[in-house]
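Read the structure below first, then the notes.
Derivation of every value follows stated rules applied to the coordinates shown; laboratory data play no part. Only a predicted model underlies this, so the values are computations on that prediction, with no experimental measurement involved. Because the Cβ atoms are built from the backbone with ideal geometry, glycine has one as well, and the counts that use them run over all protein chains shown.
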Amino acid sequence: MNIKIIYILILCLGTLSACASKPFTSRPGDVKQKEINNTANPAKPKQDSTIELLAFSDSYSNLTLESQKKSFAETNLALVENKNDVTQRIKLAMMLSIPSSRLRDVGKAQILLQDLLQKNSLNPSESALVSLLYEYTSDSAKQIQKNRDDAKKLEASQAKYENLQQKYDALEQKLNDLKNIEKTMNDRDIKPVNKP
């Protein structure tokens with residue numbers, strides 16, 4: 001699946017989940033309703049983080065190798081300071097998984113994404129983004145393994161072909177030697193015997 005299509009799907013999913021979380025309106029004097037509104041507000045910045053993550057992914061793809069390394073180091077430093085920062089962990093997983101990353105490591109990305117999914121600390125749009133990235137990295141890992149297996153099969157076939165080619169060359173040499181022997185024998189039989 002093309003990575004740009006994935007980004008578009010994630011953006012649409014984030015937009016839909018942002019639209020779905022419509023804030024409650026309170027009536028004057030309704031204390032319970034105000035408490036609900038106050039607890040609903042923290043989810044809003046998290047949804048914005050999904051859009052921020054998508055923007056980060058797009059901008060990271062266009063960076064030079066040095067800039068990508070710098071961004072990677074900054075993200076790791078932020079995670080050292082706060083290991084529970086979900087946004088930084090998702091950024092790190094993106095840096096390791098997107099195809100345009102020069103620091104790509106699908107195996108590490110899979111581990112990070114799987115850990116994020118298991119902790120259940122994500123809002124719905126982040127969860128959808130991480131799930132999509134995880135599925136993408138899983139497919140990518142399978143494709144990498146398939147390519148390795150195909151390369152091994154190709155090497156084995158080439159070795160077999162070279163072995164057969166050597167046997168063919170050896171048999172052809174023997175055949176040519178036999179033809180030469182037969183030709184010299186025929187030449188001896190044809191030569192007239194000179195009598196003194």
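At-a-glance table
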quantity	calculated
Selection count where residues are part of a loop (DSSP other than H, G, I, E, B), in contact (Cβ under 8 Å) with a residue 24 or more places away in the chain and within 10 Å of the chain's Cα centre (by Cα), scope region 102-114	0
Among the candidates Lys70, Lys83, Lys91, residue that is on the phi < 0 side of the Ramachandran plot, buried (at least 19 other Cβ atoms within 10 Å of the Cβ) and among the basic types (Lys, Arg)	Lys91
Scope region 104-116; condition among the hydrophobic types (A, V, I, L, M, F, W, C) and surrounded by 15 or more Cβ atoms within 10 Å (Cβ to Cβ); matching residues	Val106, Ala109, Leu112, Leu113, Leu116
